[in-house]
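To start, the structure under review is shown below, and the notes come after it.
What follows draws every value from the coordinates through simple rules; no lab data is involved. Just so we're clear, the structure is a prediction, and the values are computed from it rather than from any experiment. Here the Cβ is made from the backbone with ideal geometry for all residues, glycine too, and neighbour counts use every protein chain on show.
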Amino acid sequence: MPTSPRRALIVIDVQNEYFTGNLPIEYPPVDISLPNILKAIETAQAAGVPVVVVQHDAPEGSPIFAKGSQSWQLHPAIAAIQPDHHINKPLADVFAGTDLAQWLSARDIDTLTVVGYMTHNCNASTIFHAAHEGFKVEFLSDATGALPYENAAGKASAEEIHRVFSTVFHSNFAAVVTTQHWLSAVHESRGLEPDNVYLSNLTARAAG
């Protein structure tokens, strides 16, 4: 019989930069993602799931996340909570240059639930790292978000980026679910599973 997951909720970079700063999240919009992040935190705390709040630091003078600036500050709704652990990180990956791995190990955590921003950057790098370290990973698709890009390699909308990364996550690296689905799983002490590369590709080819 499968054991109940030992979860930690990783709340990544819910900072003013993504709301009123130079990197406005577009999809899903923050009026959807932020309430779902808060629901996930409330449910986690009620269920005894540790909550880790992560804050990205950039050097003073940076156009984004300049340490000490208003945009660098946590969103007021997140700043008001009392997390089990607070991490300041210098890079996209929450594991890089932080004590996250040791903190999780000391608590026998085996499953990470990722919410926050951005789907394709800090969330993605953290999900890939966690999966390669042997953690089960969950990604709440409506408690996260993306913004559009255009550069020498091409152009993609926020919706495209979020959808494609979510699809790739669920093909191998993380169980991608809605917040409501996750809340039910927490209440039932039930794990969540991703798809796999073979079946994800087979389904796409069968659909033509």
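Excluding same-chain neighbours fewer than eight residues apart, the lysines reachable from LYS39 by a Cα-Cα span under 27 Å are LYS89, LYS136. Can you give the net charge of the other residues whose Cβ lies under 13 Å from the Cβ of HIS56, counting K and R as +1 and D and E as -1? Spelling it out: positives minus negatives among the neighbours equals -2.
Here's how it looks for HIS75: its modeled amide H is under 5 Å from those of GLN15, ASN16, which are all 5 or more places away or on a different chain. Shown here are the Rg and Dmax of the Cα trace of segment 124-166, at 12.5, 35 Å. In terms of overall dimensions, segment 100-208 has a Cα radius of gyration and Dmax of 14.9, 47 angstrom. Relative to one another, the C-alpha centroids of segment 161-208 and segment 107-137 are positioned 14 Å apart. For the chain, a Gaussian network of Cα nodes joined below 10 Å ranks PRO59, PRO35, PRO90 by mean-square fluctuation, and the top entry is PRO59. DSSP assigns beta bridges within the chain; of those with both partners inside it, close to 15 percent run antiparallel. Excluding same-chain neighbours fewer than eight residues apart, the aspartates and glutamates reachable from LYS155 by a Cα-Cα span under 19 Å are GLU26. Charged neighbours of THR119, selected by a Cβ distance under 13 Å, balance to -4 (K, R count +1; D, E count -1). For segment 7-206, the dipole from Cβ point charges (+1 on Lys and Arg, -1 on Asp and Glu) about the Cα centre works out to 160 debye, to the nearest 20. Calculate, for ARG107 and ARG205, the FRET efficiency according to 1/(1 + (r/R0)^6) with r their C-beta to C-beta distance and R0 35 Å; round to the nearest 0.05. After rounding to 0.05, the efficiency reads 0.25.
Taken as entire DSSP H runs, the helices of the chain that both span 18 Å or more between Cα atoms along their own long axis and average 0.0 or more on the Kyte-Doolittle scale are 30-47. Here is the result for segment 107-169: no chymotrypsin sites (Phe, Trp or Tyr not before Pro) lie in DSSP coil with at most 10 other C-beta atoms within 10 angstrom of their C-beta.
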